[in-house]
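Okay, structure first, notes after.
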Amino acid sequence: MRFRTLKELAAISLEESKTLAEVMIEDQAAETGVPREEIVAQMADYYEKMKEAVRRGLTEQTVSRSGLSGGDAVKVLDLVENGTPSSGDPSSRAMAYALAVSEVNASMGRIIATPTAGSCGIIPGVFVSSQERFGWSDEHMVNGLFAAGAIGYVIANNSFISGAEGGCQAEVGSAIGMAAGALVELRGGSAEQAMHAVGLALKNTLGLICDPVAGLVEIPCIVRNGLGAVNALAAADMGLAGVRSAIPSDEVVSVMLEVGAAMPSGHRETGQGGLAQTPTGRKLTEGLMKGRKPLEPESEEAAETVKTAE
Amino acid sequence: MRFKNVFSIIGPSMVGPSSSHTAGAVRIGLIGRQLLGEEPVSAKIALYGSFAETYWGHGTDLALAGGLLGYATDDARIAEALEEAARREIEIVFVKGVGMAPHPNTAKLELTAADGRSAQVLGASIGGGNIMIHEMNGFDVRCSGEYPTIVVLHHDRPGVIASLTAILSDSETNIGYMGVDRKGRSAEAMTVMELDSVPGQDLLQRLRGISDVIEVIVINLNSREAQSQ
């Protein structure tokens, strides 16, 4: 790719009068040797699957294998359709859709990792609800995914996108930044405004730890996806309004790296700290383990090793 | 650049809940199936670290079984993969891996085919559904499965690798990465080559024709079999 930083990405977009999406599509074609039409067709297929995940999460029973999660998307959708959500209809609809996709994920349904499965609800939540609201074409949305991908590419290569490496700021945080920047472009904002939206969004999740109960992508991952979608809408609005990230977005990404590297392992997807180790988190974990036979060691010889080690 | 491609950020298409514990596990299973060259009749799967601790909630067991059955990462049948394996009379046993593993999310697969042949894979799921194979059939060799990969079992003799690369060069096939390991001096060796293009049958036949080459296997997570239906 011709860009390593958000600044370089925005500069190419400005100099060549191309959208972020167009820059990403061209660079992807050049890097992989795959024809442009195939690249766009694959992303279009991914967008179809995102819409399908939203639909499933809102209309079908989604209970996870552990039984710890499911059914919250429908509750929020009911509030949107039959009540008065405090955050307004568009925000709470994005929230319901994001919850829906994350619940489908937890129930072993099909999703697109954006950038990971743990953060797979935010981009579909923002994209599908915005498409319905603004009447955008699928083609427009697919371009938006390339814009989100370009932003994610920079974050992933300069910091982290996995909770095991950099905490939840790297997963949910990255997804919020990607969704916010892409939404600015989808709504006709400039590349510069999109980059500010990314920085504004990422600042708000710096330090977010990854502390899933029983190590499963459910508590608190699903609600963080719902709230993340709302944050992405808000950050895009700030960017579109002309609010600037006083600390340049690339520098915010480097802070994510700094904070993630310093994060104790108990707060990086191990289930050994944070919400996972609260009294309730421990109780839920014990409940899941009850009656479940632990795996036998791989051989008798190995079993001896385990005994000795203990 | 650790991530080279927009689809490593948006994607893969997968069944949940975890890109590393589920999608990556499917891919490790698929590589085992491809290394064996057919569907196994039995499998002993050792889970290490976080795979061993959280496999049940993440469906890592279902995902590995799905890979052995030839499912892609987004195949809806993954959720019933163990039942399907039982229907196909494939015996799958899960055990806890003991000792050092290269990564917190690691699985070791020991597979047996109907005719008694066996294959062994040690693979790590390194995040976002990406994997790294660390060991195949006891050889310390690496591959990611992202590129068409040729796995060559051969005798450790002077000139074998030169013969392999000469044939690839002759067919204008570019090697992106290559690794070699041997059981001992003049014993059996394995050479793994990640290619920029899918090797054709002619090329494979020529490689198999080299004296001292015992077996040539192709591994490719992007092959038609490994794609969603």
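Of note:
- Extension gain, A:Glu251 to A:Ser87, is 56.0 nm, computed as 0.36 nm per intervening residue step minus the present C-alpha separation.
- P(r) histogram, all alpha-carbon pairs of region B:1-136 included - 5 Å bins from 0, percent: 2, 12, 23, 25, 20, 12, 5, 1, 0
- Using a simple spin-label model with pseudo-atoms 7 Å out from Cα toward Cβ, A:Val34 and A:Ala241 lie 3.9 nm apart.
- Each of B:Ser18, B:Ser125, B:Ala65 was placed along the dipole of region B:17-138 (beta-carbon charges, centred on the mean Cα), and the one lying farthest toward the positive end is B:Ser125.
- Distance between the 7 Å Cα→Cβ label points at B:Gln205 and A:Glu16: 4.4 nm.
- Over chain A, volume per residue of the alpha carbon convex hull, in Å³: 160
- For chain B, the extents of the C-alpha atoms along the principal axes are 50, 40, 33 Å, listed from largest to smallest.
- Charging the Cβ of each Asp and Glu at -1 and of each Lys and Arg at +1, and nothing else, the dipole of region A:190-310 about its Cα centre rounds to 580 debye.
- Each semi-axis of the equivalent ellipsoid for the protein assembly as shown is √(5λ) with λ an eigenvalue of the Cα gyration tensor; in descending order they amount to 39, 29, 20 Å.
- Taken about its Cα centre, region B:17-138 carries a charge dipole of about 260 debye when Lys and Arg each add +1 at the Cβ and Asp and Glu each add -1 at the Cβ.
- Taken about its Cα centre, chain B carries a charge dipole of roughly 420 debye when the Cβ of each Lys and Arg holds +1 and the Cβ of each Asp and Glu holds -1.
- Simple spin-label estimate for B:Glu188 and A:Glu8 in nanometres, 7 Å along Cα-Cβ: 4.5
- Springs join every pair of Cα atoms under 10 Å in this Gaussian network model of chain A, and among A:Ala106, A:Ala30, A:Ala197 the largest mean-square fluctuation is at A:Ala30.
- Pairwise centroid distance, computed over Cα atoms, of region A:127-145 with region B:1-77, Å: 31
- Mean separation of Cα pairs under 8 Å and 6 or more residues apart, divided by the residue count, gives region B:95-209 a relative contact order of 20 percent.
- Inter-centroid distance (Cα atoms) of region B:84-161 relative to region A:152-209, Å: 35
- If you plug the beta carbon distance of B:Arg87 and B:Asp212 into 1/(1 + (r/R0)^6) with R0 = 45 Å, you get a FRET efficiency near 0.60.
- Scattering profile of region B:149-219 at q = 0.16 Å⁻¹ [log10 I(q)/I(0), Debye over alpha-carbon scatterers]: -0.47
- Other protein chain Cβ atoms within 10 Å, averaged over every residue that makes up A:214-222: 4
- Kirkwood Rh, Cα atoms: Rg over Rh of region A:1-59: 1.13
- When Rg and Dmax are taken over the Cα atoms of region A:1-130, they come to 17.7, 52 Å.
- Counted without the sites themselves, the longest stretch of chain A free of trypsin sites (Lys or Arg not before Pro) in a DSSP loop having at most 10 other beta carbon atoms within 10 Å is A:1-289.
Readers should treat all values here as calculations from the given coordinates under stated rules, not as data from a laboratory. Owing to the predicted nature of the structure, the values given are computational and were not obtained by experimental measurement. Virtual Cβ from ideal backbone geometry, glycine too; neighbours counted across all protein chains shown.
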